[in-house]
Amino acid sequence: MEDLNAFLEPGMFVKHPDQPDWGLGQVQSNIDGRITVNFQDAGKVVINGFRIGLLAVFEP
C-alpha cells in the first residue's frame, strides 16, 4: 500500500477532499502514514494517509 501523503510536512496547508466543510487545515505531524491535521472548522483530526489523499494548498 502507498502513502498518498508522504510529501506532507508539518506547517503545510491541506484540505480534505471529502470534507470541504472542515475548511483549511494545517499539518501538525506526518508519522508512518498517520497525518495529524488541525482544521479550521473540525479541530484536530488524525488522517490515515493510506486511505485518504489530502489536497495540498500552497496559497491559503
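Some observations on this one:
- Residue among 46, 27 that alone is outside any loop (DSSP other than H, G, I, E, B) and touching a Pro at 6+ places or on another chain (Cβ under 6 Å): 27
- Subset tally (residues that are surrounded by 14 or more Cβ atoms within 10 Å (Cβ to Cβ) and hydrophobic (A, V, I, L, M, F, W, C)) for the stretch 26-60: 10
- Among the residues of the stretch 7-55, those identified as among the aromatic types (Phe, Trp, Tyr) and free of Cβ contacts under 8 Å to residues at least 24 places away in the same chain are 22, 39.
- Hits in the stretch 5-37 - residues which are within 10 Å of the chain's Cα centre (by Cα), over 14 Å from residue 50 (Cβ atoms) and among the polar types (S, T, N, Q): 26, 28, 29, 36
- Positions within the stretch 1-44 being among the hydrophobic types (A, V, I, L, M, F, W, C) and in contact with a Phe, Trp or Tyr (Cβ under 6 Å, 6 or more places away or on another chain), in sequence order: 1, 22, 24, 39, 42
- Matching option when the condition is in a loop (DSSP other than H, G, I, E, B) and loosely packed, with under 11 Cβ neighbours inside 10 Å, among 18, 3: 18
Read-outs: derived from the displayed coordinates by stated rules, not from any lab. Note that the structure is a prediction, hence the values are computed from the model and not measured. Don't worry about glycine lacking a Cβ; one is built from the backbone with ideal geometry, like all the others, and counts go over all protein chains shown.
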